[in-house]
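Here the structure is laid out as structure tokens; the discussion comes afterwards.
Values in this text are rule-based calculations from the coordinates and carry no lab data. Note that the coordinates shown come from a computational prediction; the quantities given were computed from them, not determined experimentally. No Cβ is skipped: glycine too gets one built from the backbone with ideal geometry, and neighbour counts run over all protein chains shown.
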Amino acid sequence: MTQQDASSEVKGLIYNIQRYSTEDGPGLRTTVFFKGCPLRCLWCSNPESISHKPQMMFFPQTCVQCYACLEACPKGANKKMEDGSVVVDRTICQNCGACIDVCPANARQMSGKWMTADEVFEVIKKDSVYYTNSDGGVTFSGGECTAQADFLIELIDKCYNMGFHTCVDTCGFASWEVLEKVLSKVDMVLFDIKHMDPEKHKEITGVDNQLILENAGKIKNMGIEMHIRFPMIPGYNDDEKNLKALGRFMKLWGLDKIDILPYHRMGSNKYEALGQRYFLGDLPSLERENVKKAVNILESYDLEVDVV
Ligand code: SF4
Ligand code: SF4
């Protein structure tokens, strides 16, 4: 999903560009986060990445109750409650952003900005010297970056022409036609596998895993360096049966590197900021012992396991 303006320039919806990132591939990297994702993972720590549209986020803890946003909103979506607090009526809010400009406390932010590939590349280029010196490069993440394939390909081409190492971080839920095109000039893929059982995968992400697993094998056959990423969620996918099935699948396809991403609750306040419910609110953090057990199980399939 991309946008075209009157000059026919393709624009992409980006919600963050993180410089000096060390967790999204080798070396020092710039990670470009695309907004919009076809999955609905229950634990998602970036809920603002899911919608394919810009969204106004309201952080009530930061509000100083000046009430400037009540006046500024053309829809009357901001309400003063009896206790003086401010709430946003999400059934009325149009995510226009008019309230952001008047807020003196930075309690409101827009997630998602339509940008041209040149605008994004201007940011990427700034750190080219770090990419060279650290064997780093550029990672395209999300959301799901392949959901804005034309825009992504334009950015990959620009990086390719400059000789920057590129990495695509994907949930794998995309047509093969799109993935093959996107990955033709990419150096590395970070590929999420969330559950090996199709029904359970659907329960926790909203989609079946068949296409994802097929795509994992096809990408491996392209010969691109590939790391599997496994978000480990207590009580949802950390059982021995699932870990063994994952180990067997990786061994079968000759996939040998896996990063475990242990569950954390760092994104929970963003759900409130978007006026959404966080379904895993009561879920306790992962026990270190259980992460160790998972590492041992996966290592028994001769996999190189990292905990990120
Ligand atoms: S984003 Fe626009 S519609 Fe929504 S509360 Fe702010 S001013 Fe009102
Ligand atoms: S403008 Fe900002 S600080 Fe003022 S009431 Fe609205 S959210 Fe709170």
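Data for the structure
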{"item": "Exposure proxy order (Cβ contacts within 10 Å, fewest to most) of ASP157, ASP187, ASP83, ASP101", "result": "ASP83, ASP101, ASP157, ASP187"}
{"item": "Segment LYS293-ASP150, length gained on full extension (0.36 nm per residue, minus Cα span)", "result": "47.3 nm"}
{"item": "Across LYS53/LYS75; LYS194/LYS293; LYS257/LYS293; LYS79/LYS113, pairs whose alpha-carbon gap is larger than 21 Å", "result": "LYS79/LYS113"}
{"item": "Percent RCO, i.e. relative contact order, over the stretch 240-308, from Cα pairs under 8 Å lying at least 6 residues apart", "result": "57 percent"}
{"item": "Sequence-separation-based contact order of the chain, relative, with Cα cut under 8 Å and 6+ spacing, percent", "result": "19 percent"}
{"item": "Potential lengthening between ASN133 and SER300 on full extension [0.36 nm per residue; Cα-Cα distance subtracted]", "result": "56.6 nm"}
{"item": "Model label zone, ASN269; criterion: amide N under 16 Å from point 7 Å along Cα-to-beta-carbon; scope the stretch 72-86", "result": "none"}
{"item": "FRET efficiency for ASP157 and ARG40, using Cβ-Cβ distance with R0 set to 45 Å, rounded to 0.05", "result": "0.90"}
{"item": "Mean separation of Cα contacts under 8 Å (6+ apart) over length of the stretch 7-140, as relative contact order %", "result": "35 percent"}
{"item": "Estimated inter-spin distance, ARG90 and LYS241, nm [label 7 Å along Cα→Cβ]", "result": "3.4 nm"}
{"item": "Highest-fluctuation residue, GLU122, GLU180, GLU82 considered, GNM on the chain with Cα pairs under 10 Å", "result": "GLU82"}
{"item": "Sparse-neighbour loop sites [GluC sites (Glu not before Pro); the stretch 203-308; at most 16 other C-beta within 10 Å; DSSP]", "result": "GLU287"}
{"item": "Farthest positive-ward along the stretch 177-308 dipole, Cα basis, beta-carbon charges - from MET222, ASN269, LEU246", "result": "ASN269"}
{"item": "Point-charge dipole on Cβ atoms (K/R +1, D/E -1) for the stretch 55-109, about Cα centre, debye to 20", "result": "120 debye"}
{"item": "Cα-projected label distance for GLU71 with GLN276, points at 7 Å along beta-carbon direction, nm", "result": "3.3 nm"}
{"item": "Cβ-Cβ FRET estimate between LYS125 and GLU23, R0 fixed at 25 Å, reported to 0.05", "result": "0.70"}
{"item": "Under 5 Å, built H, 5+ apart or other chain: amide partners of SER111", "result": "GLN55, MET56, MET57"}
